[in-house]
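Asks: One structure, as structure tokens, below. Some questions next.
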Amino acid sequence: MESQRTRRNFLRVSAVVGTGLVLSGCGGGSVANKEGQEKKPEENQMGGEVTATEDLMREHGILRRALLVYSASAIKLRGNPSAIPPDALQKTAKLFRAFGEEYHEKKLEEAFIFPAVKKTGGEAATYPDILVAQHDRGGEITEYIINVTQGAKLGANNAEPLAKALEGFVLMYRNHAAREDTMVFPAWKQTMTAKQLDEIGDKFEDIEKEQFGQDGFEDAVKQISAIEGTLGLADIAQFTAPPPPKI
């Protein structure tokens, strides 16, 4: 599977090749718009590049889907523990560890984003220390989930403690990710020029490929989608809210 950088380069090369075809078809000369100004290839590029901040937020999307798995599982654990296949929860926890804790949190946030934000001062700078503490606590809970789901079935003796652990994890990370998306990431983006932001985006892609040997995001999407299918959570139509009561 190609990395995001490969996709970026493909789009850039495609735009250049397309421009070359237009030039050759017109007998040479520059490509110009109605005002006579030269067109930039990226102006016609579909989708555009994945920026560093967009990449961080879509990675949060994977982790939020894992939280939805945990929320649904906590409810079912209290009703019928045997209805939850332990393997599905273990796969979710291992995905959260590999993609969330070891890559997104340690390799990106704690290595690059939090140090830069702490130097900026202001409200955003008050978050990194708390967020790191939550990363550590999340790792402890992930380890617990992996250990408790090693058996063939979940029983009444561990259903309630596991449900509470899942709910605590979900509540923490919902608040955690919301503050990062609305406070920390925007503050971090303001510390860089457009050129620096593009360069750090390439750096993040290199780290992702080094960590996973491929496009880690696309692989994570496949993993969480398979888990959702196992637990009957794939069809999002089932989560459409009912109409409000009539007044």
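Asks: Run the reach check for LYS195 against lysines, Cα to Cα strictly under 19 Å, same-chain hits fewer than 8 apart removed. What comes back?
Replies: Answer for LYS195, where 19 Å is the Cα cut-off: LYS40, LYS203, listed by chain and number.
Asks: By the scheme Lys and Arg +1, Asp and Glu -1, what is the net charge of all other residues having a beta-carbon under 15 Å from that of LYS153?
Replies: Details: positive: LYS76; negative: ASP87.
With Lys, Arg at +1 and Asp, Glu at -1, the neighbours total 0.
Asks: Can you give the Rg and Dmax of segment 70-133 based on its C-alpha atoms, in angstrom?
Replies: 17.0, 50
Asks: Quick one: if you stick a label point 7 Å off each Cα along the C-beta vector at ARG64 and ASP202, how many nm between them?
Replies: Between ARG64 and ASP202, the label points sit 3.0 nm apart.
Asks: Moving on. Rank these residues by their accessible area, most exposed first, probe 1.4 Å: THR92, THR126, THR191. Present the calculation step by step, with values, prior to reporting the outcome.
Replies: Numbers: THR92 0, THR126 85, THR191 60 Å².
In descending accessible area the options line up as THR126, THR191, THR92.
Asks: Turning to a different aspect of this structure: Heavy atoms only, 1.4 Å probe, whole protein assembly: order ASP55, ASP198 by accessible area, highest first.
Replies: On the way: ASP55 5, ASP198 55 Å².
Largest accessible area first, the list is ASP198, ASP55.
Asks: Still on this model: Tell me, in nm to one decimal, what length is gained between GLU54 and GLU110 on full extension, where the rule is 0.36 nm per residue of separation less the Cα-Cα distance?
Replies: 18.4 nm
Asks: Rounded to the nearest 0.05, what FRET efficiency is calculated for LYS246 and THR182 with R0 set to 35 Å and r the Cβ-Cβ distance? Before the final figure, lay out each step's value.
Replies: Working: r = 35 Å, r/R0 = 1.00.
So, using R0 = 35 Å, E works out to roughly 0.50.
Asks: Can you give me the solvent accessible area of ASP136 with a 1.4 Å probe, rounded to the nearest 10 Å²?
Replies: Using a 1.4 Å probe on the heavy atoms, I get roughly 80 Å².
Asks: Moving to a separate point now. Using heavy-atom solvent-accessible surface (probe 1.4 Å) with all chains present, what is the largest-first order of ARG137, ARG58? Could you put the intermediate results ahead of the total?
Replies: On the way: ARG137 125, ARG58 55 Å².
Ranking ARG137, ARG58 by accessible area, largest first, yields ARG137, ARG58.
Asks: Something else about it: Here are some pairs, LYS94/LYS118; LYS106/LYS153; LYS76/LYS106; LYS94/LYS209; LYS164/LYS246; which of them have Cα atoms lying more than 23 Å apart in this structure?
Replies: Working: LYS94/LYS118 30 Å; LYS106/LYS153 32 Å; LYS76/LYS106 32 Å; LYS94/LYS209 18 Å; LYS164/LYS246 34 Å.
Checking Cα-Cα distances, LYS94/LYS118; LYS106/LYS153; LYS76/LYS106; LYS164/LYS246 exceed 23 Å.
Asks: May I pose another question? Rounded to the nearest 20 Debye, what is the dipole magnitude of segment 51-133 about its Cα centre when Lys and Arg each give +1 and Asp and Glu each give -1 at the C-beta? Don't jump to the answer; show the numbers that get you there.
Replies: Working: 12 positive and 11 negative charges, 75 e Å.
For segment 51-133, the charge dipole is close to 360 debye.
Asks: ASN175 to THR230: FRET efficiency via 1/(1 + (r/R0)^6), r the Cβ-Cβ distance, R0 35 Å, to the nearest 0.05? List each step's numbers first, then the result.
Replies: Details: r = 28 Å, r/R0 = 0.79.
Efficiency, from the Cβ-Cβ distance: 0.80.
Asks: Under Stokes-Einstein, with the Kirkwood radius over Cα pairs standing in for Rh, what whole-number D in µm²/s applies to segment 167-224 at 10 °C and 1.306 mPa s? Each step should come with its number before you reach the end.
Replies: Values: Rh = 13.6 Å.
Translational D for this selection: 116 µm²/s.
Asks: Given a 1.4 Å probe and the protein chains all in place, what does the accessible area of THR193 round to, in Å² to the nearest 10?
Replies: 80
Asks: Need one number: nm distance between label points at LYS222 and LYS94, each 7 Å from Cα along Cα→Cβ, rounded to one decimal.
Replies: A separation of 1.5 nm, rounded to one decimal place.
Asks: What does segment 146-247 give for Rg and for Dmax, in Å, if only its C-alpha atoms count?
Replies: 19.8, 57
The values are calculated or read from the model by the stated rules, or taken from the named source; none is laboratory data. Please read all numbers here as calculations on a predicted model, not as lab measurements. Heads up, the Cβs are rebuilt from the backbone with ideal geometry, glycines too, and the neighbour counts pull from every protein chain shown. Just so you know, the surface numbers come from the protein's heavy atoms only, side chains and all, with ligands and any DNA or RNA stripped out. Shrake-Rupley method; radii C 1.70, N 1.55, O 1.52, S 1.80 Å.
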